[in-house]
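Novice: Take this structure first; my questions come after.
What follows is calculated from the coordinates using simple rules that are stated; it is not laboratory data. Treat the numbers as computed from the prediction; the structure is a model and nothing was measured. Because the Cβ atoms are built from the backbone with ideal geometry, glycine has one as well, and the counts that use them run over all protein chains shown.
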Amino acid sequence: MSRSTRLLILLAFLGIGFGFANARVFAEEPPASPAGEADRAAIHALLAEFVKAYDAGDAHAIAALFTSAARIEAEDADPIVGRAAIEKRFAERFEAEPGRTIVVEPTSLRMLGADAAIEEGLAVVASPPDGDHHAGSVRFRYTAAYVREDGRWLQDSIHDFPMPDLDAEKSPRERLADLEWLIGEWIDQDDDAEVETTCEWADDGAFLIRKFRVKAAGSIGLSGVQRVGWDPRLKQFRSWTFDSEGGFSEGLWSHEDGDDRWIIKTTGVLKDGRTASATNIVSRRGRDVVRWSSVERTLGSSALPGVEEVTLVRRPPPPRAAASPSTPAPTSTPGDPARSRR
């Protein structure tokens, strides 16, 4: 991969310029097939049916969205196997705690051939208020497998992974302190082009504002802006990016415990209407160095190769102005105290 191509890829750093990078680097990729887009739309519709049935407390309708031998696994419960068992378990939950609702946010969807797909995402299950108590919620990550049976997409397995409940009293700025290291100017350049990103607090302190621009042949070829904030519903960081060519993207951020590494699940729309997605991995190496790579990339229904690791550095501050030479002492004159003390 050429150096200038890597510079374009840098626009996807933490989701910035996501659509632009995909469009330019992979311009030769074939457009998404109508069949692939139709399959994705059918799976999204299936998920919407699941949410609707869950919010209505309809266990029978939920079970109808699974294969006959489907399996649901969670970290704190025995597996549920089979459509009948799934209906029974949901019916018990709805009876024990009526009024529960669910929000599901897919972060990636990979087609595995013509009749199978894997989806990853986040979900939040909320309970209604109980007297003087506020509504509670439980959030978790999930992996779902879909298969096509007799021309219809169904859920074949779901695996839930619980997520820790963070302190709800923190302000948005306090939460964003985890990303305060982004503040400043970052750069990568070669003889052909230069990519600059800057990050600063929004005036209200509730968001981080990141701006980027690409300079080539002495002129700016692309620019854009990104907002990074805390999503209190999903209880994680989220970013929204808009570039000057009309592309936009959204990212969900996760921090790996015990490591200075962030995982950003990004989805976007290019200016020509094609969809794109990627999993970006950002690793800090001290205060002034960041390494970035990208995997699980898609453009429409086509899978794209991963991106090799790229290193970004913080722009050093400008050198201080040279100290002015000392002003020579004035020449003493007759009657000057300096002369009289010789």
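Novice: List, in order, the whole-Hz ³J(HN,Hα) value for each residue of the stretch 70-75 obtained from phi through the Karplus relation with A = 6.51, B = -1.76, C = 1.60 and θ = phi - 60°; use x for Gly and Pro.
Specialist: Listing the rounded values in order: 4, 9, 10, 10, 9, 5 Hz.
Novice: Full-extension gain between Asp260 and Glu200, please, as 0.36 nm times their residue separation minus the C-alpha to C-alpha distance.
Specialist: Values: separation 60, 0.36 × 60 = 21.60 nm, distance 2.05 nm.
Extending this stretch completely gives an extra 19.5 nm.
Novice: Using amide H atoms built 1.01 Å from N in the peptide plane, name the residues 5+ places from Phe237, or on other chains, whose amide H lies under 5 Å from its own.
Specialist: Those lying under 5 Å, H to H, from Phe237 are Asp231, Trp253.
Novice: From the phi of every residue in the stretch 263-279, what ³J(HN,Hα) in whole Hz does the Karplus formula 6.51 cos²θ - 1.76 cosθ + 1.60 yield, where θ is phi - 60° and glycine or proline is x?
Specialist: Going residue by residue, I get 10, 10, 8, 10, 10, x, 10, 7, 5, 8, x, 6, 8, 8, 8, 6, 10 Hz, with x marking Gly and Pro.
Novice: At Arg287 and Arg227, where each label point lies 7 Å from the Cα along Cα→Cβ, what is the point-to-point distance in nanometres?
Specialist: 3.1
Novice: What percentages make up the Cα-Cα pair-distance distribution of the stretch 270-316 when the bins are 10 Å wide from 0?
Specialist: With 10 Å bins starting at 0, P(r) equals 25, 38, 26, 11, 0.
Novice: Follow-up question, since we're still on this one. Between Thr143 and Ala41, what is the label-to-label distance in nm when each label sits 7 Å out along the Cα-to-Cβ direction?
Specialist: Using points 7 Å along Cα→Cβ, the separation is 3.0 nm.
Novice: What are the semi-axes of the equivalent ellipsoid for the stretch 34-162, taken as the square roots of 5 times the Cα gyration tensor eigenvalues, largest first, in whole Å? Show your work: numbers first, answer last.
Specialist: Working: eigenvalues 135, 50, 36 Å².
Whole-Å semi-axes of the equivalent ellipsoid: 26, 16, 14.
Novice: Just tell me which lysines come within less than 21 Å, Cα to Cα, of Lys265; anything on the same chain fewer than 8 places away is out.
Specialist: Straight-line reach from Lys265, under 21 Å: Lys211, Lys235.
Novice: Then there is this: Relative to a virtual label point 7 Å from the Cα of Ile209 in the Cα→beta-carbon direction, which members of the stretch 180-202 show backbone nitrogen distances below 11 Å?
Specialist: Those under the cut-off are 199-202.
Novice: Give me the number: length gained by fully extending Arg173 to Val295, i.e. 0.36 nm times residue separation minus the C-alpha to C-alpha distance, one decimal in nm.
Specialist: Values: separation 122, 0.36 × 122 = 43.92 nm, distance 3.00 nm.
Using 0.36 nm per residue and subtracting the Cα-Cα distance, I get 40.9 nm.
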